[in-house]
Amino acid sequence: MMVSQTDLLNARILIVDDQPANVLLLEQLLAEAGYTAVTSTMQPKEVSDLHGRHGFDLILLDLKMPGMDGFAVMESLKINEGNRYLPVIALTAEPGHKQRALLSGARDFISKPFDLVEVKTRIRNMLELRLLYKHLEVQNQALEETVRARTAELRENEARFRALAELASDWYWEQNAIGD
């Protein structure tokens with residue numbers, strides 16, 4: 001299954017960074033690439049609520065922010081998401097944070113200062129993966145519903161078969177009692 005260009009460009013993206021210049025740069029980059037559903041915030045405490053309301057397909061998350069860092073944001077997202085896929089790309093200038101970010105739930109990272117080609121490529125790749133994952137979730141739900149329906153059908157047919165078997169058994173005994 002391929003993800004359509006339209007689906008990619010309509011994917012919901014959240015930018016979270018405390019530096020206005022980084023937010024503006026990412027907003028412009030995404031707009032120039034054709035993405036149409038981009039939201040941004042410089043308040044990390046808003047992320048969990050925003051994601052809960054909008055169900056972002058991708059969150060570009062700065063790791064070093066005052067008040068609540070990106071690691072704490074990922075923890076708050078995990079509480080809401082449970083075991084579901086967490087669509088986060090960590091943004092960091094510190095090489096030591098990369099592994100910790102991945103272990104904390106980020107799916108990828110982008111180094112600062114930004115290499116714009118790398119940023120666009122990683123965003124596109126992550127969105128393709130996310131949209132395929134969502135498609136797989138829908139297919140799994142449909143498959144589960146089909147299994148439930150078929151199981152109910154089988155139970156219904158089994159009950160009918162048992163009733164017919166009992167009737168046939170009664171008829172057989174009645175016929176033997178009559179002498180046929």
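The values are calculated or read from the model by the stated rules, or taken from the named source; none is laboratory data. Values in this document were obtained by computation on a predicted structure and should not be read as measured data. A quick note on method: Cβ atoms are made from the backbone with ideal geometry, for glycine too, and the neighbour counts reach across all protein chains shown. Surface areas here come from the heavy atoms of the whole protein model, side chains and all, with no ligands, DNA or RNA. Shrake-Rupley method; radii C 1.70, N 1.55, O 1.52, S 1.80 Å.
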Express in Å², to the nearest 10, the accessible area of Asp115 obtained by rolling a 1.4 Å probe over the protein heavy atoms while all chains stay in place.
80
Kindly state, to the nearest 0.05, the FRET efficiency for Lys112 paired with Gln139, given R0 = 41 Å and r defined as their beta-carbon distance.
0.65
In order over the stretch 47-62: 3J(HN,Hα) from phi, Karplus 6.51/-1.76/1.60, θ = phi - 60°, whole Hz, x for each Gly or Pro, gives 4, 4, 5, 4, 5, x, 7, 10, x, 4, 7, 7, 10, 8, 10, 5
Once every DSSP H run of n ≥ 4 in the chain is given -39500 (n - 2.57) and the sum is divided by its residues, what mean residue ellipticity at 222 nm do you get, rounded to the nearest 500 deg cm²/dmol?
-21000 deg cm²/dmol
Globularity index of the chain, i.e. its alpha-carbon radius of gyration over 2.2 N^0.38 Å:
1.70
Given springs between every Cα pair under 10 Å in a Gaussian network model of the chain, which of Ala101, Ala93, Ala165 has the largest fluctuation?
Ala165
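Under 8 Å for C-alpha pairs, at least 6 residues apart: give me the relative contact order for the chain, rounded to a whole percent. Present the calculation step by step, with values, prior to reporting the outcome.
Numbers: 203 pairs, mean separation 33.1, N = 180.
Relative contact order of the chain: 18 percent.
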For Val117, tell me the accessible area in Å² from a 1.4 Å probe, rounded to the nearest 10.
100
With point charges of +1 on the Cβ of Lys and Arg and -1 on the Cβ of Asp and Glu, referenced to the Cα centre of the chain, which listed residue (Thr121, Gly105, Pro20) lies farthest in the positive direction of the dipole?
Pro20
